[in-house]
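Structure, as C-alpha cells:
What follows is calculated from the coordinates using simple rules that are stated; it is not laboratory data. Given the structure is predicted, the values throughout are model-derived calculations rather than measurements. Methodologically, a virtual Cβ is constructed for each residue, glycine included, from the backbone with ideal geometry; neighbour enumeration extends over all protein chains shown.
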Amino acid sequence: MTTVRDAGYAPAGIKRAFASGAFPGPRTQVSCRPLSQTGGHGDEWTLSGTILTTEMSDLPPGVADGVDAVRHAARLQIRAGADWIKVMATGGVLSAADTPDASQFTVDEIGVIVEEARAAGIHGTFAHAEGTAGIKNALRAGISSIEHGDLIDDEGIDLMLERDVPLIPTFNINFSLMDEGRIARGEVPPWAVEKMRYLFERQQGNFRHAVERGVRVVMGTDSFADMYPPAELAYMSEYGLGPFRAIQAATSEAAKLLAWPARPALLRRASRRPDRGLGRPAGRAGAVARSGPDRLRHAGRRDRGGPAGRDGVTFFWAARFIDGWLALIRGRARPGGHCRGT
C-alpha cells in the first residue's frame with residue numbers, strides 16, 4: 001500500500017515519522033481524535049460508568065455539544081495536525097450507549113466542523129454514519145465522505161450523487177463480529193451482536209443498490225488487528241461492485257478522495273522469483289490486472305511481508321485474488337449459521 005487515511009486515534013507524529021524516513025511506512029493522512037456528542041459513538045463511557053478515554057496531548061478531546069463547543073473541538077484537532085476531521089454522525093455497533101439508527105450531532109453542529117476544515121485548508125471531513133437520518137444530516141452539512149453507510153436509503157443516495165460524495169463500505173468488520181468463534185470467546189458483547197444482526201444483510205442490499213444507482217465507492221476498512229484488510233476488495237466485488245471497480249475503489253477513486261497528485265503512479269510487476277523483489281515497471285493504471293501470476297496465486301495467504309511502497313503500488317490485488325476471496329465468501333453462512341473468520 002502506498003497511502004493511508006487513518007480514521008481515528010493516530011496522532012500527527014506518525015505521519016511525520018513516516019514522511020521523514022525515521023520509520024518505514026506509507027504516505028499517511030490523520031484525523032487525530034474523532035468528534036462525538038456526549039453519549040455518542042466516540043464517547044468512551046461504558047455501561048459500568050467507567051470512561052476509557054486516555055488523555056494524550058497530541059490527541060485532543062473530541063466529545064463536544066453545541067455549535068460553539070463543537071467548533072472549538074474541531075480547531076483542537078486541526079491544531080494537533082489533523083488532515084481530516086472525523087465526525088461520529090450516528091451511533092454504532094460497539095458503542096454501549098447508542099444504536100446505529102441514532103443520529104448524532106445536528107446539521108448545524110456538523111456544518112461548523114465542515115466550515116472549520118475548509119477554513120483551515122485541510123483535506124476535508126468524513127462521517128461515521130450507519131443510520132439513515134445521520135447519513136443524510138452529514139451529507140446536508142457538506143461532509144466529504146460517508147463511512148459505512150449501512151442503512152442508506154434512496155434520498156441519501158440522491159444526496160450523495162448530487163454532491164459527488166463517495167461511500168466507503170466496511171464489510172470485513174461485519175463478518176468478523178458475526179464470527180461464532182469470536183462470539184463464543186466473549187470478544188463481542190451480546191448487545192453488539194444484536195445490533196450487528198440487525199445491520200448485517202441490510203448493509204449488503206443497500207450497498208448493492210447504491211452501486212447500481214452510480215454512487216462512487218472508495219475502499220476502506222474497519223478491521224481488528226487479526227483481520228485481513230484486503231478482503232474488503234472481495235466483499236465489494238461480491239456485493240455489486242465487481243472486480244475491476246473494486247480495484248478502482250482502492251486506487252484511482254481513493255487517490256481522488258485523498259487529493260494526491262493526478263500523475264498516475266507506475267505499477268511494478270512482481271518478479272516470478274519471490275526472492276528477487278520487484279521487477280521492472282509494468283505501466284500505468286490497468287497493469288494491476290495483469291501483474292505477475294505467481295504473486296496473484298499466493299495473495300490469499302495473508303502474506304504481510306510485502307513492502308509498503310511510496311512511489312508505486314506494491315500490493316497486487318487483482319481479479320484472481322478477488323476470485324479466491326469470493327470463493328470463501330460464498331461459503332459463509334448468514335446470521336445464525338457458521339461464519340468463518342477472514
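Whole-Hz ³J(HN,Hα) for each residue in the range 5-11, computed from phi via Karplus 6.51 cos²θ - 1.76 cosθ + 1.60 with θ = phi - 60°, x for glycine and proline: what do you get?
Rounded to whole hertz, the list is 10, 7, 9, x, 6, 9, x.
Give me 191, 45, 84 ranked fewest to most by other Cβ atoms within 10 Å of their Cβ, as a rough exposure proxy.
Lowest count first: 191, 45, 84.
Could you compute the net charge surrounding residue 81? Neighbours are other residues with a C-beta less than 15 Å from the C-beta of residue 81; K and R count +1, D and E count -1.
So the environment of residue 81 carries a net charge of +4.
Along the range 37-48, what does the Karplus equation 6.51 cos²θ - 1.76 cosθ + 1.60 (θ = phi - 60°) give for ³J(HN,Hα), rounded to whole Hz, x for Gly and Pro?
Computed from phi, the couplings for the range 37-48 are 6, 4, x, x, 5, x, 7, 8, 5, 10, 5, 7 Hz.
Under a cut-off of 20 Å between alpha-carbon atoms, report the lysines in cross-link reach of residue 136, not counting same-chain residues fewer than 8 places apart.
Filter leaves 86.
Report the net charge of residues surrounding residue 221, where surrounding means a beta-carbon distance below 12 angstrom and charges are Lys +1, Arg +1, Asp -1, Glu -1.
Computed value for this residue: -3.
For a quick check: with amide H placed at 1.01 Å from N, whose amide H comes under 5 Å from residue 28's, ignoring anything fewer than 5 positions away on the same chain?
4
Sort out for me the Cα centre separation of the range 207-244 from the range 73-90, rounded to whole Å.
Taking the Cα centre of each part, the range 207-244 and the range 73-90 sit 25 Å apart.
Note down the magnitude of the dipole of the range 114-261 about its Cα centre, charges +1 on Lys and Arg C-beta and -1 on Asp and Glu C-beta and zero elsewhere, to the nearest 20 debye.
200
Sort the range 166-264 into rounded, prolate or oblate with this rule: let a ≥ b ≥ c be the square roots of the eigenvalues of the Cα gyration tensor; rounded if a/c is under 1.5, and if a/c is not under 1.5, prolate when a/b is larger than b/c, oblate otherwise.
prolate
For the range 144-157, in order, what is each residue's ³J(HN,Hα) by Karplus, 6.51 cos²θ - 1.76 cosθ + 1.60 with θ = phi - 60°, in whole Hz (x at glycine and Pro)?
Ordered by residue, 3J(HN,Hα) equals 7, 8, 10, 9, 6, x, 4, 10, 4, 10, 5, 5, x, 4 Hz.
What residues have an amide H closer than 5 Å to that of residue 148, excluding those fewer than 5 places away on the same chain, when H is modeled at 1.01 Å from N in the peptide plane?
Hits under the 5 Å cutoff: 168, 170.
Going by amide H atoms built from the backbone, whose H comes under 5 Å of the H on residue 85, apart from near neighbours?
Residues meeting the amide H criterion: 124, 125, 126.
Under 1.5 on a/c is rounded, so check that first for the range 81-124, then, if it is not, pick prolate when a/b is larger than b/c and oblate when it is not; a ≥ b ≥ c are the square roots of the alpha carbon gyration tensor eigenvalues.
Because a/c hits 1.5 or more and a/b fails to exceed b/c, the range 81-124 counts as oblate.
Need one word for the range 3-266: rounded, prolate or oblate. Basis is the Cα gyration tensor (sqrt eigenvalues a ≥ b ≥ c); a/c below 1.5 gives rounded, then a/b vs b/c decides.
Rounded is the answer for the range 3-266, as its axis ratio a/c remains below 1.5.
Pairs of alpha-carbon atoms within less than 8 angstrom and 6+ residues apart define the contacts here; what relative contact order does the range 3-266 have, in percent? Walk me through the numbers on the way to the answer.
On the way: 515 pairs, mean separation 33.7, N = 264.
Relative contact order here is 13 percent.
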